[in-house]
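Asks: My questions will all concern the structure given below.
The values are calculated or read from the model by the stated rules, or taken from the named source; none is laboratory data. The structure displayed is predicted, hence computed values, not measured ones. Don't worry about glycine lacking a Cβ; one is built from the backbone with ideal geometry, like all the others, and counts go over all protein chains shown. We work out accessible area using only protein heavy atoms, side chains counted, and drop any ligands, DNA or RNA first. Shrake-Rupley method; radii C 1.70, N 1.55, O 1.52, S 1.80 Å.
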Amino acid sequence: MSYLDRDILGMYRDHDGPGPALMGADTLIGDDVYNHSDEELGGIKEIMLDMRTGQIAYAVLSFGGVLGMGDKLFAVPWENLTLDTVNKRFQLDVDKEQLKNAPGFDKNNWPDMGSDAWQQQMEAFYGTGAMASSRMQSGSNLRGDDDAMDQRS
């Protein structure tokens, strides 16, 4: 299923260019993900936002299983996905067999995706490094305490 199929608000009806510049998260959930060999890898089940930076950190994909049973969930760093505007789906440059060894989890046992251990596991598999450094630079005070407010002023 593509984002055009879920566009009940008509956000993408009249856009210029190969694809929309801004997209609603709700229309992306459920999008198919393929690799560059045109093999289906799964579908986007969730989009994880980094509340410290305001950036999208991960797309959670479902892979394997039958009719939603036995699916393996795994987080893919957002920067590893590209939008295929021709086929209205995402592409991930990972071989299907390699993906079977990706750090995954069960839908009833989500990992702490903000932990250093999880970050290291993601970086080791996907070869990303920018996510951890941007998280470190962004700070971690989400409450808006006086110290954090003083640093922003």
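Asks: Looking at region 1-121, send over the antiparallel percent of its DSSP beta bridges, to the nearest 5.
Replies: On the way: 23 of 25 bridges.
Taking every DSSP beta bridge with both residues in region 1-121, the antiparallel ones total about 90 percent.
Asks: If the cut-off is 16 Å between C-alpha atoms, which lysines fall inside it for Lys100, apart from same-chain ones fewer than 8 positions away?
Replies: Those lysines meeting the cut-off are Lys72.
Asks: Would you list Trp118, Trp78, Trp110 from the most to the least accessible area, probe 1.4 Å?
Replies: Details: Trp118 15, Trp78 60, Trp110 110 Å².
The ranking, largest first, comes out as Trp110, Trp78, Trp118.
Asks: Using every pair of alpha-carbon atoms in region 19-66, split the distances into 5 Å bins beginning at 0 and state the percent of pairs per bin, rounded to integers.
Replies: 5, 19, 22, 25, 18, 8, 4, 0
Asks: Using the beta-carbon distance between Ile8 and Val86 and R0 = 30 Å, what value does 1/(1 + (r/R0)^6) give for FRET efficiency, to the nearest 0.05?
Replies: Numbers: r = 23 Å, r/R0 = 0.76.
Computed FRET efficiency for Ile8 and Val86 comes out at 0.85.
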